[in-house]
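Below: one structure, written as structure tokens.
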Amino acid sequence: MKLALQIAFRYLFAKKSYHAINVISAISVAGVMVTTMSLVVVLSVFNGFDDLIRSMYHAFDPDLKIVLAQGKNFTPPAALVQQLHSDPEISSVSVTLQEHALARHRDYQDLPLLKGVDENYIRGTELHRYMSRGTSSLEQNGMPYALLGQTVAINLQADPDNALPVEFFLLRGGSGLPLDPSEYFHRITLPVAGVFALEEEANQYVLLPIETLRQLTGKDSVADAIEIRLRPEADAEAARQKIAQIAGDRFAVKNRFQQKELFYKIMNYEKWAGFMILVFILLVASFNVTGTLSMLILEKERDMHTLRNLGATDTLIRKVFLWEGMLISLAGALGGILLGVLLCWLQQQYGLLKLQGDGNFIISAYPVRLRAMDLFYTLMAVGITGWFTTWYPVHKFFKRF
């Protein structure tokens, strides 16, 4: 093994008889290098967007959510809520209620999702950090106020500086239709305290005091979820299992992934679909190694006969060229990884590649994040494709000698 590697090193850096072999060798290394660099950069960009979206969801969604296993609304058990409040791993507990509604402001209308929350929710989410206008207070001078998601605020042309309040309409439940059409709906009018800007889904919400929403729906003391935020040092999965045991079979306790399982799965599929497409391109680029080895084997025919006369076995000679191909792939892989890491670092530090648009994004440049496992998967992909594109010409042409 050591002798075969030494000979392969010599062949790799030695001047070839035909200049074309040197050129093709350089092209082989460059092809593997560029594709490897692309793998590192693309995976890092996917990671950056994943972290960005997760951080925005973290500002709105809880670490754990308790909902009914079957059904929607329930009366939160006082003993359960008290036990959750006393848990040292939990930083905040909030009872919430959601209802679809029609919103109207002047001549503008929208269909937001109303979410009734309490002050624990506002403090736990640190919503004040994401207010684009106004304040995050749900109550001022003893009066209830509404917080609009940015999408709702744009659709309604509503602003906390505007004195006109927003009207909200909820369809009445029950059987039978009243004679007066105005009685088809529950109606409430709330002034706007502020506008928050998060990710697209959260921006379609309107936050208001849960007691106000209960009065609007006529559902006293009900909720559809108990939202829990954990302390940074808490183990989320261990906490979920513990709370599930306390809550019992009537309730389901969902972590962040389970709350938006389809979304996170799609993001993961997109990342690895992009990875597989680039691996296919890497496979195509690696066929340059096949051409390089084919030409090198033809050039070194006399050397192979000399090695045999000196006592070298066919296995040793085969390993020389296998190592030659692997060294070409490895040189391209290491160079590509180094270039990819350098580009990612430059993007993190200086934001070289900007997002195209009119500047309304929450970030100005593509986010990137390097992960060690992605570098490992990239190296493995290059190694496997390099092995297959090396094995074929060695075993095919070796039969001739």
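The values are calculated or read from the model by the stated rules, or taken from the named source; none is laboratory data. Just so you know, these numbers come straight off a predicted model, no measurement behind them. Because the Cβ atoms are built from the backbone with ideal geometry, glycine has one as well, and the counts that use them run over all protein chains shown.
Key figures for this structure:
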quantity	calculated
Residue satisfying all of: in segment 89-113; under 30 Å from the mean Cα position of the chain (by Cα) and surrounded by fewer than 15 Cβ atoms within 10 Å (Cβ to Cβ); modelled with the highest pLDDT among these	Leu111
Residue check for Arg400: among the basic types (Lys, Arg), modelled with pLDDT under 80 and surrounded by 15 or more Cβ atoms within 10 Å (Cβ to Cβ)	no
Strands (runs of 3 or more DSSP E) fully within segment 78-187 counting 3 or more residues that are touching a residue at least 60 places away in the same chain (Cβ under 8 Å), closer than 30 Å to Ala244 by Cα and of a type in the set (Val, Ile, Thr)	90-100
Given (1) surrounded by 18 or more Cβ atoms within 10 Å (Cβ to Cβ); (2) of a type outside the set (Asp, Glu); (3) over 25 Å from the mean Cα position of the chain (by Cα), number of the condition Tyr205 does not satisfy	(3)
Top-ranked residue of segment 50-77 - restricted to ones that are in a strand (DSSP E or B) and of a type outside the set (Val, Ile, Thr), ranked as surrounded by the fewest Cβ atoms within 10 Å (Cβ to Cβ)	Leu68
Test: residue in segment 343-364 that is in contact (Cβ under 8 Å) with a residue 24 or more places away in the chain, among the small types (Gly, Ala, Ser) and in the same structural domain as Asn268 (by TED's automatic domain parsing)	no
Restricting segment 1-49 to residues that are at pLDDT 70 or above and of a type in the set (Phe, Trp, Tyr), the residue that is surrounded by the fewest Cβ atoms within 10 Å (Cβ to Cβ)	Phe49
Qualifying residue in segment 343-360 (condition: within 24 Å of Val29 (Cα to Cα), modelled with pLDDT of 85 or more, in a helix (DSSP H, G or I) and in contact with a helix residue (DSSP H, G or I) (Cβ under 9 Å, 6 or more places away or on another chain))	yes
Residue within segment 41-48 that is more than 26 Å from Tyr130 (Cα to Cα) and touching a Ser or Thr at 6+ places or on another chain (Cβ under 8 Å) present	yes
Residue match in segment 312-327 (condition: without any contact (Cβ under 8 Å) to a residue 60 or more places away in the chain, of a type in the set (S, T, N, Q) and not assigned by TED's automatic domain parsing to the domain that holds Glu201)	yes
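Conditions (1) crowded, with 16+ Cβ neighbours inside 10 Å; (2) of a type in the set (Phe, Trp, Tyr); (3) at pLDDT 85 or above; (4) under 28 Å from Val222 (Cβ atoms), marked per residue:
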site	(1), (2), (3), (4)
Asn120	yes, no, yes, yes
Thr125	yes, no, no, yes
Met131	yes, no, yes, no
Glu139	no, no, yes, yes
Pro144	yes, no, yes, yes
Gln157	no, no, yes, no
